[in-house]
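In what follows, a single structure is set out as C-alpha cells and then discussed.
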Amino acid sequence: MTAYVVVDITITDPALYEEVKRRTPPIVAQYGGRYLARGGHTESLHGEWKPERLVLLAFDSLEQAKTWEASPEYSAVKQIRDRCARVNMVMLSGIE
C-alpha cells in the first residue's frame with residue numbers, strides 16, 4: 001500500500017538549505033520514493049497552520065519510507081538539514 005511522507009519545513013539558513021535540496025532527491029529515488037510536491041505555493045484553508053515550505057513524498061509502502069528515513073545516506077543529509085531548518089515530518093498509509 002502506498003505510503004506518504006509529509007514534511008513541513010521552516011528554513012533558517014537558506015544558503016545551507018540549498019545543499020539539502022541538492023542532496024535529498026537522489027536519495028529519495030534510491031529508496032523508491034518520488035516527489036509529489038516540493039516547496040510549491042501553499043495556501044492555508046482552515047485553522048492556524050501556516051507552513052513555509054511543504055514537501056510530499058510517496059513510497060510503495062510504509063516499510064520502504066521507513067528504510068529511506070533511517071538510511072545512512074539520508075542520515076548524513078539530516079545532520080545538515082538540522083543546522084539550517086526546523087522540520088516536522090509525518091508518515092501515513094494510503095487508502096487501499
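Rule-based calculations on the coordinates, nothing more; no lab input. If you're wondering where the values come from, they're calculated on a predicted model, not measured in any experiment. Positions of Cβ are generated from backbone atoms using ideal geometry, with glycine treated the same way; all protein chains shown enter the neighbour counts.
Summarising the label geometry, the points placed 7 Å from Cα in the beta-carbon direction at V87 and A29 lie 1.9 nm from one another. Taking 0.36 nm per residue of sequence separation and removing the Cα-Cα distance, the D60/L16 pair yields an extension gain of 12.8 nm.
Let me have the 222 nm mean residue ellipticity of the chain computed from DSSP H runs of 4+ only, each contributing -39500 (n - 2.57), with the sum over all residues rounded to the nearest 500. Mind showing how you got there, number by number?
Numbers: 3 runs with 39 residues, N = 96.
Helix contribution divided over all residues of the chain: -13000 deg cm²/dmol.
Taking 7 Å steps out from each Cα toward its Cβ at R38 and A70 produces label points 2.5 nm apart.
Counting neighbouring beta carbons within 10 Å and listing from fewest to most, the residues L56, L45 come out as L45, L56.
Provide I27, I9 in ascending order of the number of other Cβ atoms located within 10 Å of each residue's Cβ, fewest first. Intermediate results must be reported in sequence, preceding the final value.
Details: I27 17, I9 20.
Result, fewest neighbours first: I27, I9.
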